[in-house]
Amino acid sequence: MSSLSRAEHDRMANAIRALAMDAVEKAKSGHPGLPLGAADIATVLFTRVLKFDPADPHWFDRDRFVLSAGHGSMLLYALLYLTGFASVSIEQIQRFRQLGSLTPGHPEVEATEGVETTTGPLGQGIATAVGMAIAERHLAAAYGAGIVDHHTYVLASDGDLMEGISQEAIALAGHLKLSRLIVLYDDNHISIDGPTSLSDSVDQLARFESAGWAACRIDGHDPDAILAAIEAAQKSDRPSLIACRTTIAFGAPTKAGSEKSHGSPLGAEEIAGTRRNLGWTAAPFVIPDDILSAWRAAGARARDARAAWQQRVAALPADARAELERRIAGAVPAEMLDAALAEIKRQLAADPKDRASRSSSELALGVLVPAFPELVGGSADLTGSNNTRPKGMPALTPENYGGRFIHYGIREHGMAAAMNGMALHGGIIPYSGTFLVFSDYCRPSIRLACLMGRRVIHVMTHDSIGLGEDGPTHQPVEHLAALRAMPNLQVFRPCDAVETAECWALALASNHRPSVLALSRQNLPQLRDATATENPCAGGAYELLPAEGGPARVSLFASGSEVTIAVAARKRLAEHGIPTRIVSVPCFELFFDRPDAEREAVIGDAPVRVAVEAAIRQGWDAIVGSQGGFVGMTGFGASAPAPDLYRHFGITPERVAEVALSKLQAL
Ligand SMILES: Cc1ncc(C[n+]2csc(CCOP(=O)(O)OP(=O)(O)O)c2C)c(N)n1
C-alpha cells in the first residue's frame, strides 16, 4: 500500500463517505458533514501511515488515533469496519446510534474496540491525546524504542480548537516538545451556526507556532499533500499541526460547504445526488469487493511489525517482561500494595504527630512512588501546596522524559485531560494536584474519566474553609457534593494520616475508577492507631469510636477534618451522660455500594444522627435522614484564619453537641 492511484484513493475514501451518509440516514440522526469532508485525510492516514493491527486492537505499541471531533463518529466506525476490526461489522454500522450497538452516537472507548478514547465534548480529544503522547515519550525513555515507539494522531475540528481546553493542551504539548503528536485539523470553516467567521478570526497556524509547534496548511482533499505533510511532521522535533482545508460534506450537491450538513441526515435526494457526484453506484451498506479488499489489505499492513514487536518483548529478560506486562495490564498486586501500606503505617506509628492530610499524602507518596514506577505525578503549579512531589522525584521534561513529575503549569483542565490520556495509553497511573475548589476547572475531564472507567487520581488539597485566609474564592463549599454526584467517581476525604494512606491504597487498587483525594491544608491529629492492619476505609464509612456507658443515643457522622470536631463533641455529650458513637465517612461512594444490611449496621440505631462536614448538606440526608442534624456550611466562606472561620460558621464541638441535644429533647 505504498502508493495508490488517485482513482484508487478516491474509491476508498468514497467508501467512508457512503457508509457515513447511509448510516446517518438510517439512524435518522447523526453528523454526515465531517466524515464526508475528512474522508481523504482519514484514508491517507489509515492506508499509508497509521501503525495498527485490527487483529490486536490493544497492541501496546500501536499508533493512537483520536477523533477529537467525536460528532464525526461515523468516520471512525467506517474506518474500523473497512480495515477489519471485529468489533464493527456492517450490521453494527446499520445499527448506528441504536441501544446496545457498538456504534453509539459519539465514540465510547468502553463500547467499541479500536476506539482509543471517548470523545464528543469538543476539545477533550486533543487534550487527551497530549497525555497519550506524554505517556509514549515517558515509556519510550523507560523501555527503549524497541518496545515503545509510536505516534499519536488527532483529527480535530474548528470546535476542538475554539474550546479553551485546547489552549492548555497545545501549550503543554509545545512546551514538552511532544514531536510524536500530529494534529490533523479539519479546517472546513463551518460550525453549527454557519461559517466560523461568525465567531472566530484566530490565525491557527500562528497560534500553534507560538506555542512551539510546527504548523502548515494544505489542501485536505489532496492525498499526496496530506501524505507529504504527515511525513514532514514525523520528522519534526516538535508537535505538528496540519491544517487541512476541506469542504464539509464533500460531494453533496447542495449541502457541501454548508452547515446544513453538519448534524442532520442529508435526505434521500441529496444522498442520491452525492452518489452521482462521487460515482458511487453500490447499494447502501454494500462495499464493492475490490474496495473492501483494498481496505482490508491496508488494515493488515502492520501485521509483521506487530509480530516483530511481540518477539522483542518475548526476548526481554523474564523479570523485565513480567514487569512490562504488569504495567500494561494496569495490575497493582495486593502484596505490593499491602507492603507499601504497611511501610507507611510503620512510619506513622514511629512518629505520631499532627499532620495536615496533604502532608500525610506526601508521606504516603514517599513510599508509593518508589514502589510503583507506573505512578506519574504532577501539579497545576501548586506543587508545594498540594505536596504531590515526594523528595527525589525527578521532573518530566523534554530533556528527561523519564522524569516522573509533571509541572502542568496553571492548566487544571488540560492536566485532567492529559491524565485521562496517560491512563488510556496504559503503563502509567497518573496522579496530580490542585486545590479542591478548582475541581470545577477540570470537571469535564473528570467526568470523562468516570464515563470511561479510568484510574486517574486527583489530589485536591485545601478542601474547606479550613484553608483560611485566602477566603471564599478558594474555599470549596459545594464541591464535595458536586463531585459525589458524578457516577463512578470515588471522592475520598480522609480524617487523619492513617486514613490518608488507606485511601491512597484504595485509589491505587481501583483499576476501573477515578478518585479524588480531598485533603486538608490545616493540621489534624492522628485519630487512628497506625499499627492496625485492616483498611476500614474500604467500606466507605465505619465506626471510629463506639458509644460508651450504654447503647448509643447519638451517632455523629463526619468526614475529613470535621471528624476531629465530632470526636470532641462526643466528649461534651459524654459530660451530659449521652453515649455517643463516631462514624468516620471517608468515601460516600464505597459506602453506598455496600449491601443494605451492612450499611444499616454502620448507620446504627441511635435515635439521633448528626453529620458534620465543612461543606453544604447535600448528600448527607442519605445517611442521617431528613430529620437528622447537620453542622456545616449553608453559603460561601470568608477570609480569616481557619479557627476564626470554624467559630464564625458554627462548625464547633459545642455546636455539634447542641444540635444533638436539641434533637434528643425533641424526641
Ligand atoms: C464542549 C462542547 N460544546 C458544544 C458541543 C456541541 N457541538 C457539537 S459539534 C459543534 C461544532 C461544530 O463545528 P466543528 O467543530 O467545526 O465541526 P464540523 O461542523 O466541521 O463537523 C458543537 C458546538 C460539543 N459537542 N461539545
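Observations on the model:
- Cβ-derived FRET efficiency at R0 25 Å, residue 99 paired with residue 192, nearest 0.05: 0.45
- Angstrom value of the Kirkwood radius, inverse mean 1/r, which spans all Cα pairs in the range 383-500: 15.2
- DSSP-assigned coil residues among GluC sites (Glu not before Pro) in the range 534-565, each with at most 11 further Cβ atoms within 10 Å: 534, 548
- DSSP-assigned coil residues among GluC sites (Glu not before Pro) in the range 424-500, each with at most 16 further Cβ atoms within 10 Å: 469, 478
- Whole-Å distance, taken between Cα centres, linking the range 351-384 and the range 538-554: 30
- Net charge dipole size for the chain [Lys, Arg +1 and Asp, Glu -1 on Cβ; Debye, nearest 20]: 260
- Alpha-carbon centroid distance for the pair the range 281-311 / the range 556-616, whole angstrom: 60
- Put simply, the C-alpha atoms of the range 53-143 give a gyration tensor, and the ellipsoid matching it has half-axes of 24, 16, 9 Å, longest first.
- Across q = 0.26, 0.27, 0.28 Å⁻¹, the range 33-102 modelled as identical point scatterers on its alpha-carbon atoms has Debye log10 I(q)/I(0) values of -1.36, -1.40, -1.43, in the order of the q list.
- Footprinting exposure proxy ranking of 393, 12, 132, 336, fewest other C-beta atoms within 10 angstrom first, gives 336, 393, 12, 132.
- J(HN,Hα) series, the range 215-220, from Karplus relation 6.51 cos²θ - 1.76 cosθ + 1.60, nearest Hz, glycine and proline x: 9, 8, 10, 9, 7, x
- Only helical runs count toward this figure. For the chain, summing -39,500 (n - 2.57) over DSSP H runs of n ≥ 4 and dividing by all residues gives -13000 deg cm²/dmol at 222 nm.
- Between the residues 336, 316, 347, the greatest Cα displacement towards the positive end of the dipole of the range 315-367, with unit charges on the Cβ of Lys, Arg, Asp and Glu, is found for 347.
- Percent of Cα pairs exceeding the 18 Å cut-off, where the set is the range 516-667: 56
- Fully extended contour minus Cα-Cα distance, from residue 90 to residue 626, at 0.36 nm per residue: 187.7 nm
- Cα shape, the range 382-449, gyration tensor, a/c 1.5 rule: oblate
- Of the residues 514, 73, 482, the one whose Cα sits farthest toward the positive end of the charge dipole of the chain, with +1 on the Cβ of Lys and Arg and -1 on the Cβ of Asp and Glu, is 514.
- Spread over its residues, the convex hull of the C-alpha atoms of the range 497-602 is 108 Å³ per residue.
- With the convex hull drawn over the C-alpha atoms of the chain, the volume per residue is 160 Å³.
- Calculated FRET efficiency for the pair residue 110/residue 597, C-beta based, R₀ 30 Å, to 0.05: 0.45
- Between the residues 582, 561, 664, the greatest Cα displacement towards the positive end of the dipole of the range 549-666, with unit charges on the Cβ of Lys, Arg, Asp and Glu, is found for 664.
- Close amide-amide hydrogen proximity is noted between residue 191 and 196, each under 5 Å apart and 5 or more residues distant or on a separate chain (H modeled in the peptide plane; Pro and chain starts excluded).
- Using the Cβ-Cβ distance between residue 200 and residue 245 with R0 set to 22 Å, the FRET efficiency from 1/(1 + (r/R0)^6) comes to roughly 0.90.
- Each Lys and Arg contributes +1 and each Asp and Glu -1, all at the Cβ; summed about the Cα centre of the range 96-176, the dipole is approximately 60 debye.
- When you filter the trypsin sites (Lys or Arg not before Pro) in the range 1-85 for DSSP loop state and at most 16 other Cβ atoms inside 10 Å of their Cβ, you are left with 28.
- All Cα pairs of the range 237-359, percent lying beyond 19 Å: 77
- Residues in the range 6-14 carry Karplus couplings, in order, of 4, 5, 5, 4, 4, 5, 5, 5, 5 Hz; the curve used is 6.51 cos²θ - 1.76 cosθ + 1.60 with θ = phi - 60°, and Gly or Pro positions show x.
- Using only the C-alpha atoms, the convex hull of the range 289-352 corresponds to 131 Å³ per residue.
- P(r) tail fraction, the range 580-656 - alpha-carbon pairs more than 20 Å apart, %: 38
- Exposure proxy for 186, 56: other Cβ atoms within 10 Å of each Cβ, ordered fewest to most, give 56, 186.
- Mean-position separation - Cα centroids, the range 8-41 and the range 108-124, in angstrom: 19
- The range 169-240 shape via C-alpha gyration tensor axes, a/c threshold 1.5: oblate
- The charge dipole of the range 179-285, taken about its Cα centre with unit charges on the Cβ of Lys, Arg, Asp and Glu (plus for the first two, minus for the last two), comes to roughly 180 debye.
- Couplings 3J(HN,Hα) for the range 272-286, derived from phi with the Karplus relation 6.51 cos²θ - 1.76 cosθ + 1.60 (θ = phi - 60°), are 4, x, 5, 4, 4, 4, 8, x, 9, 10, 5, 5, x, 6, 10 Hz, where x marks Gly and Pro.
Read the figures in this text as sums done on the coordinates, not as results from a lab. Keep in mind that what you see is a predicted model, and the values were worked out from it rather than measured. A quick note on method: Cβ atoms are made from the backbone with ideal geometry, for glycine too, and the neighbour counts reach across all protein chains shown.
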